[in-house]
Amino acid sequence: RWTEALTRRDKDDLRCPVVCILGHVDTGKTKLLDKIRRTNVQDREAGGITQQIGATYIPADAIRDRTKRLQDTEPFDIKVPGLLVIDTPGHESFNNLRSRGSGLCDIGILVVDIMHGLEPQTIESLNLLKMRKTPFVVALNKVDRLYSWKEDPEAPIRDSFAQQNKDVKREFKERMDKANLTFAENGMNTALYYENPDVRSYLNVVPTSAHTGEGIPDMLQILCKLTQERMHEKLMYVDEVQCTVLEVKMVEGLGTTIDVILINGVLREGMTVVLTGLNGPVVTTIRALVTPQPMRELRVKSAYVHHKEIRAAQGIKIVAPNLETVIAGTQMYVQTPEDDLDELKDEVNTEMQDVLSRMDKS
Ligand code: GDP
């Protein structure tokens with residue numbers, strides 16, 4: 001089945017990379033996410049940025065638009081269809097994603113407050129990313145707080161730096177050096193992304209401000225660049241469903257639902273799926289696949305749009321019977337005609353063992 005799926009892959013048919021934001025509390029994760037998704041509040045939907053279940057979709061066009069100035073000096077071809085950014089920043093949600101093997105995130109943004117340097121949860125997040133072998137970029141955030149910073153809203157970071165006086169530049173360098181040193185003490189080499197001598201051995205650092213939006217074009221560009229250049233294989237669209245449960249939620253009128261991120265493949269109404277439940281595998285049938293009503297359609301009665309089928313990568317709410325015991329952070333499997341249901345259940349049981357052993361450890 002896997003080989004069949006492989007042969008159907010097309011190198012020009014890529015899915016969206018899934019991006020997670022993590023780091024210490026108060027470093028600006030939420031603010032950064034806000035700024036990334038809501039620069040043009042008025043024509044947010046015109047720019048195609050859409051709110052999904054548990055995630056925000058930023059299409060390539062919106063990224064092209066946001067990186068215009070950067071493209072003048074550094075032309076760059078976006079090959080991914082966009083970025084899917086998970087909405088719950090912070091490491092709890094990430095930590096709870098227990099799924100074995102394939103993690104939820106293709107790439108992470110580790111946010112560090114430039115005024116505070118590395119903090120305890122920064123190190124925790126760092127270790128988590130390392131453990132999961134998830135590539136990541138460091139956002140050295142709050143650069144606008146450097147003393148006497150002159151802001152240039154939404155500017156590429158090098159343009160901003162060019163306008164700063166020498167004291168700001170010196171303070172930045174001191175803080176950057178300190179961050180480099182602490183990362184090195186934690187076993188990681190880091191470098192300003194545009195001075196990075198070797199992306200294979202140095203983590204990219206992007207200075208940002210979630211208040212002014214400076215550095216965000218750089219961040220978007222580098223996320224596209226790293227994913228499309230270095231994760232091409234992983235991002236090829238396949239028929240094989242890869243799907244992670246984010247949350248189990250009771251919704252009035254719909255009953256118990258699960259919010260999932262469909263990482264790859266396609267989901268259809270009526271599919272039989274197998275999930276990890278507290279009391280063993282849950283086998284059920286997808287009754288409805290829904291996404292939020294677009295912003296401008298808020299007058300419509302229903303909060304959701306129904307879909308017959310949905311293609312990855314997307315954040316989706318699934319309505320189905322018997323979801324009450326499903327454990328968040330686990331994988332959802334789809335039964336295809338070739339699949340033996342018992343084998344899928346075994347798969348789920350192994351995942352359950354994994355969840356239990358992690359609970360024991362923590
Ligand atoms: P989180 O806990 O990591 O999600 O942090 P928040 O996004 O809630 O930000 C924590 C505080 O830092 C808030 O008061 C934000 O307004 C502030 N903040 C976040 N990013 C920036 C930034 O780039 N510059 C400045 N000056 N303040 C920021």
Q) Which members of segment 49-76 meet the condition of being closer than 17 Å to residue 19 by Cβ, modelled with pLDDT under 85 and of a type in the set (Val, Ile, Thr)? A) 49, 50, 53
(Q) Here is a check on your reading of the model: is residue 204 under 23 Å from residue 124 (Cβ atoms), of a type outside the set (Val, Ile, Thr), in contact with a strand residue (DSSP E or B) (Cβ under 6 Å, 6 or more places away or on another chain) and part of a helix (DSSP H, G or I)? (A) no
Q: Output the number of the condition that residue 154 fails; it satisfies all remaining conditions of (1) part of a helix (DSSP H, G or I); (2) touching a Gly at 6+ places or on another chain (Cβ under 8 Å); (3) more than 18 Å from residue 136 (Cα to Cα).
A: (1)
Q: Quick one: residue 114 ticks every box in (1) surrounded by fewer than 20 Cβ atoms within 10 Å (Cβ to Cβ); (2) within 12 Å of the ligand (Cβ to nearest atom); (3) among the aliphatic types (A, V, I, L, M) except a single one, so which number is it?
A: (1)
Q) Checking residue 309 against (1) surrounded by 19 or more Cβ atoms within 10 Å (Cβ to Cβ); (2) farther than 30 Å from residue 174 by Cα; (3) of a type in the set (Asp, Glu), which test does it fail? A) (1)
(Q) Being in a loop (DSSP other than H, G, I, E, B), surrounded by fewer than 18 Cβ atoms within 10 Å (Cβ to Cβ) and not small (Gly, Ala, Ser) is the filter here; which residues of segment 173-191 pass it? (A) 186, 189
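Okay, residues lined up against (1) over 28 Å from residue 314 (Cα atoms); (2) more than 16 Å from the ligand (Cβ to nearest atom):
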site: 119; (1), (2): yes, no
site: 136; (1), (2): no, no
site: 151; (1), (2): yes, no
site: 161; (1), (2): yes, no
site: 171; (1), (2): yes, no
site: 181; (1), (2): yes, yes
site: 188; (1), (2): yes, yes
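Test residue 134 against the criterion of being part of a helix (DSSP H, G or I), touching a Gly at 6+ places or on another chain (Cβ under 8 Å) and touching a residue at least 12 places away in the same chain (Cβ under 8 Å), and give yes or no.
Working: part of a helix (DSSP H, G or I): no; touching a Gly at 6+ places or on another chain (Cβ under 8 Å): yes; touching a residue at least 12 places away in the same chain (Cβ under 8 Å): yes.
No.
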(Q) Whether any residue in segment 205-226 is more than 16 Å from the ligand (Cβ to nearest atom) and surrounded by fewer than 19 Cβ atoms within 10 Å (Cβ to Cβ) is what I want to check. (A) no
Q. Here are 238, 283: which of them is hydrophobic (A, V, I, L, M, F, W, C), outside any strand (DSSP E or B) and under 20 Å from residue 339 (Cα atoms)?
A. 238
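May I ask you to list the residues in segment 17-48 that are among the β-branched types (Val, Ile, Thr) and either at pLDDT 80 or above or near the ligand (Cβ under 7 Å from one of its atoms) (or both)?
Taking segment 17-48 and keeping what is among the β-branched types (Val, Ile, Thr), we get 18-19, 21, 25, 27, 30, 36, 39, 41.
Scanning segment 17-48 gives 18, 19, 21, 25, 27, 30, 36.
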Q | Residue check, residue 194 under 24 Å from residue 35 (Cβ atoms), surrounded by fewer than 18 Cβ atoms within 10 Å (Cβ to Cβ), more than 16 Å from the ligand (Cβ to nearest atom) and more than 17 Å from the chain's Cα centre (by Cα) | A | yes
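The values are calculated or read from the model by the stated rules, or taken from the named source; none is laboratory data. This one's a predicted model, so the numbers in the text were calculated from it and none came from an experiment. Note: ideal-geometry Cβ built from the backbone for every residue, glycine included; neighbour counts use all protein chains shown.
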